[in-house]
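Report on the following structure.
The values are calculated or read from the model by the stated rules, or taken from the named source; none is laboratory data. As the structure is a prediction and not an experimental result, all values here were calculated from the model. All Cβ positions, glycine included, derive from the backbone under ideal geometry; neighbour counts span all protein chains shown.
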Ligand code: ARG
């Protein structure tokens, strides 16, 4: 029997019921639905809208239901319209008339708006924890490899020497911004929609701030139409999650390259890589590839939410039922990716010698060679040209700037003396870049320490 049976003369068509029902995906919110109903019933009792006895009976009944679902004693009916209907129906079955009083001064529209907020607030706390774990792993690794010279790239061409620690700490910055975005989405969803009713609140003397404080919301929604039809917080969360996936995906792409025989900068632990069914020599970075691939799902979820919301008139419309599968999928995917990604990074073996070898080729100290002349008084453009000539000469002679004899330097520009070799040593090139944000090993250590301290406050 449907909730709206009074107005209708027929039961709903079976296939239409399946189409209309959201129980298959909203049942995961049963804890939040019951939590919300308990607070609502307490408030109704305190405000004298229902009797204290009724309020207490409802709370007890709901506590019994949550216990029974948790223990598996009560199964959620897959044919119910949604989780809200199922729980109210079960309560009424257990309490009779009293159960029917729970929905006083409430609509499923403000109820569902509440449940999603409660559910996502908890998920944000979880995801934040996972992101923080990844940042900690990065900081520890960065400290360990603060002296490890590697080539920095632009256009995927060797550009200037950096340290591996510096490279890792770049991701830590991205992830710190991700945490900030998660916090922002959390702040926006930290508003109680209950009391907005179907769209225009209620004439009962409810006390919304009581319900808000019972449920841990810092404030109540100020406009009832907005309260029931706002899903900005889902879009915001999906967009914060999408950006996290962009970061994980870029990192994955680098790890995939670094694992290749061409780079060999890192080796993944056996526990976090896979073999081939036919090629015995293969060790594949499947986890990193999957994370890169799964970013597409999360971006898709964001697009779903934006598209669902963009054309619906105020206030609630059934289109909005589509919000849940999208945001749940985005949340599940990001959590799953982080669960696999963090230990993969933590256990990967870094191969500093190969990084150093790659850094020794490709003239990544050419800028420093030019800067050496500038420090001797030459204008940068002239120094740049002289160094270009030297690089061309090295390529012709199949040698490097480090190995080129001083006599050759002097032929190009008399200002060179043997000090140039120390100026272009990769260690000096890196450690000379100690301005704020630079790759010098001292910087990396300070930065990693600072971030770890910051994490304690986030
Ligand atoms: N199952 C619905 C949803 O997920 C909530 C119920 C509101 N439905 C309604 N027809 N007013 O959005």
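Couple of notes before you dig in:
- Matching residues, region 145-165, being touching a residue at least 12 places away in the same chain (Cβ under 8 Å) and surrounded by fewer than 16 Cβ atoms within 10 Å (Cβ to Cβ): 157
- For region 72-94, filtered to residues that are in contact (Cβ under 8 Å) with a residue 12 or more places away in the chain and farther than 19 Å from residue 40 by Cβ, the residue that is farthest from the ligand (Cβ to nearest atom) is 74.
- Scanning region 9-21 for residues that are closer than 18 Å to residue 108 by Cβ and either surrounded by 10 or more Cβ atoms within 10 Å (Cβ to Cβ) or touching a helix residue (DSSP H, G or I) at 6+ places or on another chain (Cβ under 8 Å) (or both) yields a total of 4.
- Only listed residue being closer than 30 Å to residue 122 by Cα and at pLDDT below 95, chosen from 37, 21, 9: 21
- Meets criteria (in contact with a helix residue (DSSP H, G or I) (Cβ under 6 Å, 6 or more places away or on another chain) and modelled with pLDDT of 95 or more) for residue 123: yes
- Test: residue in region 322-335 that is without any contact (Cβ under 8 Å) to a residue 24 or more places away in the chain and out of contact with any strand residue (DSSP E or B) (no Cβ under 8 Å at 6 or more places or on another chain): yes
- Residue in region 392-403 that is farther than 25 Å from residue 142 by Cα, in contact (Cβ under 8 Å) with a residue 24 or more places away in the chain and assigned to a helix (DSSP H, G or I) present: yes
- Top-ranked residue of region 181-195 - restricted to ones that are under 17 Å from residue 234 (Cβ atoms) and in a loop (DSSP other than H, G, I, E, B), ranked as farthest from the ligand (Cβ to nearest atom): 190
- Taken as a whole, the structure leaves residue 120 outside the set of residues that are crowded, with 19+ Cβ neighbours inside 10 Å, part of a loop (DSSP other than H, G, I, E, B) and within 16 Å of the ligand (Cβ to nearest atom).
- Tallying residues that are away from the ligand (no atom under 16 Å from the Cβ) and outside any helix (DSSP H, G or I) within region 316-363 yields 7.
- Taken together, 141, 129, 100 contain a single residue that is under 23 Å from the mean Cα position of the chain (by Cα), without any contact (Cβ under 8 Å) to a residue 12 or more places away in the chain and more than 16 Å from the ligand (Cβ to nearest atom), which is 129.
- From 240, 271, residue being at pLDDT below 95 and not in a strand (DSSP E or B): 271
- Of all residues in region 157-165, at least one satisfies being more than 16 Å from the ligand (Cβ to nearest atom), touching a helix residue (DSSP H, G or I) at 6+ places or on another chain (Cβ under 9 Å) and assigned to a helix (DSSP H, G or I).
- Residue count, region 268-294 (criterion: more than 25 Å from residue 243 (Cβ to Cβ) and surrounded by fewer than 16 Cβ atoms within 10 Å (Cβ to Cβ)): 14
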